[in-house]
Amino acid sequence: MKTRYLICHVVAFFLCSHLSAQILPLGTEQNPPGIAWKEIETKHFRVVFPEEITQDAQRVATTLEYLYEPVSHSLKKKPHRITVILHNQNIISNGFVTLAPRRSEWYNTPPQTAFTGTNDWYNLLSVHEFRHVVQFDKMNRGLIALMYGLFGETGTLAASFLSVPSWYWEGDATGTETALTQSGRGRLPSFNMPMRTMLLRGPQQNYYQMLMGSYKNYFGGAYEMGYYMTSYVKRHHGSDMWSDILRRNSNFPFFYTFSWAMKAKTGNGAPNTFENMSQELKDLWSTQEPSYKSDLTTIEVRHDNGFMNPFPNNPKALTDGSLVFFDYNLGEAPGIKIKTTDGTISHITRSTWSGNFSASQNKVIWVDPDWDLRWGLKNGSRVVAWDATTRKTQTLLTNTRLTYVAMSADGQKFAAVEHSRSNQSSMILFDTQTGSIIKKLSNPNNDMIINPSWSSDNKHIVYVRQTLHDGKGVTLMDVENSTTTDVLPPQHTMNYTNPVIWNDWILLNAHFDGVDNIFAIHKNDRTWKQITHSSLGAFNPFVSGGNKLLFDEYNVDGYIACSLLLDTNRWTSIDILSRKNDGYYEPLLKQELGPIRFDSITPGTFAVKSYNSLSDLINIHSWSPTLNPRQYGLSVFSQNIMSTTRLSASYNYDRNEKTSGGEVGASYGGFYPIADITARLGSRSSTYTVTTIKDGKKTEKLKWYGWNEKSLSAALRLPLNFSSQGWQRYFSASTGFSYTKISDQKISFAFDQNNGVMRSIFFSGFYYNATQPAAYVYPQWGQRIWITYSKSPFKDHYNGSQFFAQGDLFFPGLLKRHSGWMQGQFERQKTGANYRYASWMIFPRSYSYIYHDAIKKLGATYTVPLMYPDTDFLAMFYIKRIYADVFGDYGIGQDYSGPNVKTKYRSAGAGGYANMHFFTLPVEFSVGYRYAYAFDKKNTDDNKHAQPQIVITLTGQF
């Protein structure tokens with residue numbers, strides 16, 4: 001046991017040292033300039049925000065202070081002060097807590113999906129994200145605290161995530177949100193539906209399958225698994241148990257120690273806890289499962305490829321009978337597709353925004369992200385239309401803040417939900433042909449508008465209305481005069497979604513009996529009826545042809561697009577007082593001091609001042625002692641909370657050379673190009689051999705020599721994001737200058753460095769464009785181009801030049817999920833130069849790099865997935881996918897300083913590989929055996945044709 005702990009600690013030590021030393025360059029995650037940032041300081045929080053959402057910032061600050069005790073109660077840890085940044089420049093719904101530097105960031109746009117329940121968006125984030133803050137601070141003790149002392153926040157981050165599985169982080173936060181709010185995710189049947197399906201219908205998954213995931217199946221992730229795991233422990237061992245487990249884990253925080261801590265405290269490690277929890281849930285859900293009669297359902301789209309469809313199809317119909325649906329099957333390229341009446345299925349778009357589209361007449365419209373070219377924290381949306389008659393796509397609107405669209409029955413206009421940068425929710429009518437605004441509908445109370453839908457006469461719109469404190473209701477609006485009627489008043493017990501109008505009924509999603517189904521409520525007498533009777537879940541109603549209901553039904557294959565005829569005689573009565581969820585969370589309410597009545601929290605009037613970016617200019621978060629056989633020293637890293645400035649400094653002593661030197665670096669990303677500068681100053685040394693011959697006897701003596709070296713480099717980078725409609729598309733250009741001076745060297749050499757100066761310039765360009773379904777090893781389609789040029793154009797002591805170009809082409813293979821990859825490379829360095837730049841070439845497989853003035857290479861790889869075992873072996877490693885490839889490489893090296901001789905590097909071969917996780921690490925590796933036949937064996941290291949090789953890379957590196 002002690003030996004294993006020692007190994008874990010040594011591994012973590014060097015991992016943290018490597019992570020700190022290799023902190024990534026400053027990226028694009030900045031806001032655009034020109035925002036008037038403000039801040040509020042309270043006892044436990046600093047809230048930084050744009051000026052236009054000052055009122056919301058006051059509410060957030062007050063809410064966080066109110067929640068400080070309840071959220072931290074069960075973990076018995078009062079966190080120290082943290083900065084919370086409220087962003088308002090994008091329409092992505094998200095929030096997170098991180099370290100290096102320590103902060104929490106929230107995005108202001110609420111989602112149009114159901115996962116928030118009836119909670120206000122900021123209230124949900126206040127509970128969930130602050131619980132993550134408590135978790136981090138709770139773990140910062142024992143050896144994790146030692147890791148902080150050695151490496152700063154990078155050490156805490158690495159040790160925490162190495163030892164604590166993702167299911168605890170998200171599951172515990174989800175459980176806290178469920179207990180402390182009136183509608184956390186643990187109260188929603190749609191949340192537990194994947195796990196409920198797995199336990200009641202199969203196939204059964206074990207702990208490691210749920211932890212590591214799959215390329216083929218989805219039965220819940222870290223949130224679902226973690227919520228029930230953490231709740232199970234609380235139900236059986238009390239609210240303090242996780243505090244005890246985390247405290248014990250922090251003493252020995254690596255690999256399996258979290259499970260060992262669970263076993264020490266509860267009697268069962270994580271795998272056995274999962275099995276016991278699964279059996280308890282299976283018994284509970286079997287008892288609760290309603291006994292419904294069978295619906296006369298027709299399956300409209302079936303996926304028979306053996307891969308799950310974990311996202312809703314949201315099926316809709318056009319006037320010609322074609323079916324439009326969203327397809328995110330794990331084995332196929334995602335996007336909106338059309339199934340014509342002859343059964344042919346084809347892509348309309350590769351949009352990956354889950355189901356956010358509308359269809360009417362012969363048109364389909366949808367919302368896509370509209371990424372800002374440069375600023376990673378700014379994005380909007382574009383509205384795109386597709387005409388089934390012409391098969392052409394038209395972009396109607398760009399750079400909007402629209403999050404949901406609904407086309408009228410006649411197809412002439414569409415309603416869109418807008419969430420502004422000042423957190424104002426609006427519904428706007430647009431012309432479908434031109435994209436011009438028709439009118440803005442009234443929303444005087446600034447309630448959140450969700451899932452609007454039109455009546456068949458184009459006169460009314462029904463939508464879910466979410467209030468700040470009272471929950472969700474369903475509202476009917478008269479489009480002409482903007483008057484509204486509450487069909488269902490706001491409340492917290494039912495998470496209504498996706499209402500549609502059919503005659504005198506409103507069809508919608510609700511979860512009576514603890515299962516999501518499609519129900520109907522009469523507009524006049526408010527009579528409830530049940531339409532679908534799925535025992536697992538039915539969603540997303542759409543009425544086609546007057547009496548045909550299209551919807552999603554969930555089963556062991558995921559979401560299936562189905563239909564049935566709307567026949568009121570087959571509808572059944574419901575008990576509106578029936579169970580709404582599984583109730584598994586109920587013991588947590590007392591343990592977590594919940595639920596909180598957010599309407600009782602009166603927003604404060606904290607002092608507001610302008611945010612001073614200079615105050616965060618130096619924000620040291622991590623440091624790294626360098627301790628290895630060659631050198632030791634110290635590096636220090638700083639980054640401001642806005643991620644615009646990154647600073648670093650290091651000083652190292654080289655034990656081999658017996659020299660030392662320092663380096664400082666700075667990056668600034670507040671301007672359109674990112675600026676980097678690095679300076680180095682220090683001493684260097686090396687050896688040379690003096691050979692003497694006396695009396696015919698040869699004597700060699702090793703001598704040392706030294707020099708001083710100064711260098712300065714500066715560069716500008718321009719990273720741009722052109723991603724659109726499911727294609728990841730990036731371009732980056734950079735240029736820079738470097739200066740190096742060598743001095744105080746007492747001797748000179750013919751072919752080595754001497755006293756002197758070298759000034760060099762470089763240019764580089766990179767382009768990547770690809771789309772990659774989950775089950776593909778390489779992108780299904782894609783291109784990658786990289787060109788770089790370096791040169792010393794000045795009349796210095798050193799001169800040289802280098803041109804390098806690489807082109808990659810990714811394409812589908814002969815069968816589905818087969819993939820091909822071709823790569824060409826060319827490098828040319830100046831002949832006769834006294835300085836050689838480091839080569840960028842990837843040499844043909846089975847050969848080691850050898851310098852040539854010019855090198856050309858062409859390679860091809862064909863990859864075939866063989867199986868998806870999703871199997872662990874003695875908890876040491878977990879295999880998700882096994883695949884094979886065949887390849888061939890052809891390279892030519894050429895030198896021009898002597899005889900013009902061409903050297904060939906030709907090889908071909910095959911390999912077998914596994915995508916796998918080691919231990920419980922969240923990082924996935926590709927591990928395999930490759931056999932290559934080197935046709936030009938004289939150019940190999942061992943002068944052999946056969947070149948076997950074990951290959952270990954991170955998955956996704958190609």
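The values are calculated or read from the model by the stated rules, or taken from the named source; none is laboratory data. The shown structure was predicted, so the numbers you read here are calculated from the model rather than taken from an experiment. We place every Cβ from the backbone using ideal geometry, glycine too, and count neighbours over all the protein chains shown. In case anyone asks, the SASA skips ligands and DNA or RNA and just uses the protein heavy atoms, side chains included. Shrake-Rupley method; radii C 1.70, N 1.55, O 1.52, S 1.80 Å.
Here Leu814 passes the criteria (1) touching a Gly at 6+ places or on another chain (Cβ under 8 Å); (2) closer than 23 Å to Tyr776 by Cβ; (3) part of a loop (DSSP other than H, G, I, E, B) except the one numbered (1). Summed over region 84-105, the residues that are open to solvent by less than 20 Å² (accessible area, probe 1.4 Å) and in contact (Cβ under 8 Å) with a residue 24 or more places away in the chain give a count of 12.
Name the residue that is farthest from Glu480 (Cα to Cα), counting only residues in region 403-424 that are out of contact with any helix residue (DSSP H, G or I) (no Cβ under 7 Å at 6 or more places or on another chain) and assigned to a loop (DSSP other than H, G, I, E, B).
Of region 403-424, the ones out of contact with any helix residue (DSSP H, G or I) (no Cβ under 7 Å at 6 or more places or on another chain) are 403-420, 424.
If we keep only those that are assigned to a loop (DSSP other than H, G, I, E, B) too, we end up with 408-412, 420, 424.
On the way: Ser408: 14, Ala409: 16, Asp410: 16, Gly411: 17, Gln412: 15, Ser420: 24, Gln424: 22 Å.
Here the residue is Ser420.
Against the test of being under 30 Å from Gln30 (Cα atoms), touching a Phe, Trp or Tyr at 6+ places or on another chain (Cβ under 7 Å) and not in a loop (DSSP other than H, G, I, E, B), the options Ala714, Ala666 yield a single qualifying residue, Ala714. Residues that are more than 18 Å from Val367 (Cβ to Cβ) and buried (at least 17 other Cβ atoms within 10 Å of the Cβ) were ranked within region 442-467; the one that is nearest to the chain's Cα centre (by Cα) is Gln466.
Residue by residue through region 294-317, note down the ones that are open to solvent by 10 Å² or more (accessible area, probe 1.4 Å) and among the hydrophobic types (A, V, I, L, M, F, W, C). Working first, answer last.
Going residue by residue through region 294-317, those that are open to solvent by 10 Å² or more (accessible area, probe 1.4 Å) are 294-300, 302-307, 310-312, 314, 316-317.
Leu296, Ile299, Phe307, Phe311, Ala317 - these are the residues of region 294-317 that are open to solvent by 10 Å² or more (accessible area, probe 1.4 Å) and among the hydrophobic types (A, V, I, L, M, F, W, C).
Among residues of region 297-309 that are hydroxyl-bearing (Ser, Thr, Tyr), those with a beta-carbon under 8 Å from a residue that is not in a loop (DSSP other than H, G, I, E, B) at least six positions away or on a different chain give the pairs Thr297/Glu553; Thr297/Cys562; Thr297/Ser563; Thr297/Leu564; Thr298/Cys562; Thr298/Ser563; Thr298/Leu564. Quick check: anything in region 482-493 of a type in the set (A, V, I, L, M, F, W, C), assigned by the TED database to the domain that holds Asn423, in contact (Cβ under 8 Å) with a residue 24 or more places away in the chain and farther than 26 Å from Ser360 by Cα? The answer is yes; a qualifying residue exists. In the condition set (1) over 14 Å from Pro189 (Cβ atoms); (2) out of contact with any Ser or Thr (no Cβ under 7 Å at 6 or more places or on another chain); (3) open to solvent by 10 Å² or more (accessible area, probe 1.4 Å), Gly558 is compliant with all but (3).
Residues are listed down the side, and each one gets a yes or a no for (1) open to solvent by 50 Å² or more (accessible area, probe 1.4 Å); (2) free of Cβ contacts under 8 Å to residues at least 40 places away in the same chain; (3) on the phi < 0 side of the Ramachandran plot:
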| residue | (1), (2), (3) |
| --- | --- |
| Ser801 | no, yes, yes |
| Gln806 | no, yes, yes |
| Phe811 | yes, yes, yes |
| Arg836 | yes, yes, yes |
| Met841 | no, yes, yes |
| Ser846 | no, no, no |
| Lys856 | yes, yes, yes |
| Ala860 | no, no, yes |
| Lys880 | no, no, yes |
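The number of residues in region 884-914 being of a type outside the set (D, E, K, R), closer than 22 Å to Lys937 by Cα and surrounded by fewer than 20 Cβ atoms within 10 Å (Cβ to Cβ) comes to 12. Being open to solvent by 50 Å² or more (accessible area, probe 1.4 Å) and farther than 30 Å from Gly583 by Cβ is not true of Leu323.
Here's the yes/no breakdown for (1) open to solvent by 10 Å² or more (accessible area, probe 1.4 Å); (2) without any contact (Cβ under 8 Å) to a residue 60 or more places away in the chain:
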{"site": "Asp387", "(1), (2)": "yes, yes"}
{"site": "Leu396", "(1), (2)": "yes, yes"}
{"site": "Lys413", "(1), (2)": "yes, yes"}
{"site": "Arg421", "(1), (2)": "yes, no"}
{"site": "Met427", "(1), (2)": "no, yes"}
{"site": "Thr434", "(1), (2)": "yes, yes"}
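Of the residues making up region 208-246, just one is in a helix (DSSP H, G or I), open to solvent by 20 Å² or more (accessible area, probe 1.4 Å) and either small (Gly, Ala, Ser) or on the phi > 0 side of the Ramachandran plot (or both), namely Ala222.
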